[in-house]
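Report on the structure given below.
Every number here is computed from the coordinates shown, using simple stated rules; none is lab data. Small disclaimer: the values here were computed from a predicted structure and weren't measured. Note: ideal-geometry Cβ built from the backbone for every residue, glycine included; neighbour counts use all protein chains shown.
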Ligand SMILES: C[S@@+](CC[C@H](N)C(=O)[O-])C[C@H]1O[C@@H](n2cnc3c(N)ncnc32)[C@H](O)[C@@H]1O
């Protein structure tokens with residue numbers, strides 16, 4: 001089966017299920033205008049994030065790696081009026097576009113973008129006693145996915161949801177002999193999740209407009 005077919009199915013299902021949206025289109029246009037990479041989640045994936053956050057009744061959402069704010073808007077839209085989104089982003093230009101995209105979508109007063117290396121921001125959040133968060137979306141530098149998982153977990157409520165993107169990466173996840181530190185890091189992430197009594201996790205393989213990949217969803221269990 002070809003990638004054209006995966007793309008056609010994404011086009012069809014998104015055409016049926018997801019309405020055109022000026023704020024989301026604006027985030028993508030602003031990202032392109034700023035020369036950011038075309039690596040945001042797809043509309044179907046963005047809506048899945050939104051649905052998971054609503055299922056978790058999230059009032060606090062943490063995003064690690066926001067690019068130009070496309071997924072941030074999907075996540076922020078899951079919040080109730082008193083809810084808050086905190087996006088951690090390394091790159092100053094990405095942080096600027098994210099903040100503008102969120103403001104353009106009407107979340108200027110309920111969303112914050114913290115610029116800098118996410119591991120440092122997470123350590124600071126822990127010192128500040130920030131949270132709790134009921135949803136965390138891990139979508140930054142994939143080699144640090146295990147570190148982000150470990151650093152985010154203490155900030156989370158029981159019943160919260162963790163989603164990590166790009167875990168399968170064309171199946172390279174299982175290429176144990178290949179010299180691929182990212183695949184090794186993602187295996188370590190899954191091993192950590194399996195060993196962590198506080199979470200139950202599963203990984204789902206996906207195909208679509210962005211090719212063959214997959215994501216991990218973890219539920220934070222009350223102990
Ligand atoms: C795949 S993109 C995020 C896409 C975004 N979640 C979306 O779907 O619209 C990854 C982002 O992580 C950021 N990033 C990379 N390393 C980081 C780090 N150490 N700390 C924080 N952000 C980082 C990149 O600058 C980039 O914007």
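Here are the numbers:
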read-out: Residue-averaged [θ]222 nm for the chain, counting only DSSP H segments that reach four residues, each worth -39500 (n - 2.57); value: -13000 deg cm²/dmol
read-out: Rg/Rg_globular for the stretch 94-160, with Rg_globular taken as 2.2 N^0.38 Å and Rg from C-alpha atoms; value: 1.18
read-out: Whole-number D in µm²/s for the stretch 71-190 (Stokes-Einstein; Kirkwood sum over Cα pairs; 4 °C, 1.567 mPa s); value: 84
read-out: Packing-based exposure ordering (other Cβ within 10 Å, fewest first) of 206, 98; value: 206, 98
read-out: The chain: relative contact order in percent, alpha carbon pairs under 8 Å with at least 6 residues between; value: 19
read-out: Beta bridges by DSSP in the chain, antiparallel share as percent, to the nearest 5; value: 40
read-out: Residue order, fewest to most beta carbons within 10 Å, for 212, 148; value: 212, 148
read-out: Order of 21, 109 under a 10 Å beta carbon neighbour criterion, fewest first; value: 109, 21
read-out: Equivalent ellipsoid semi-axes, the stretch 122-214, via Cα gyration tensor eigenvalues times 5, rooted, Å; value: 25, 14, 12
read-out: Cα-based shape type of the stretch 176-216, given that a ≥ b ≥ c are square roots of the gyration tensor eigenvalues and the cut on a/c is 1.5; value: oblate
read-out: Interatomic Cα distance distribution for the chain, bins of 5 angstrom, percent; value: 1, 7, 15, 19, 21, 18, 12, 6, 1, 0
read-out: 15 Å tail of the calculated P(r), the stretch 9-58, as % of Cα pairs; value: 56
read-out: Convex hull volume of the stretch 1-84 per residue (C-alpha atoms, cubic angstrom); value: 120
read-out: Relative packing of peptides 62-75, 185-198 - highest average C-beta neighbours within 10 Å first; value: 62-75, 185-198
read-out: Prolate/oblate/rounded call for the stretch 42-99, Cα gyration tensor, a/c under 1.5 rounded; value: oblate
read-out: For the chain, built as a Gaussian network whose Cα springs stay under 10 Å, the top-fluctuating residue of 47, 17, 122; value: 17
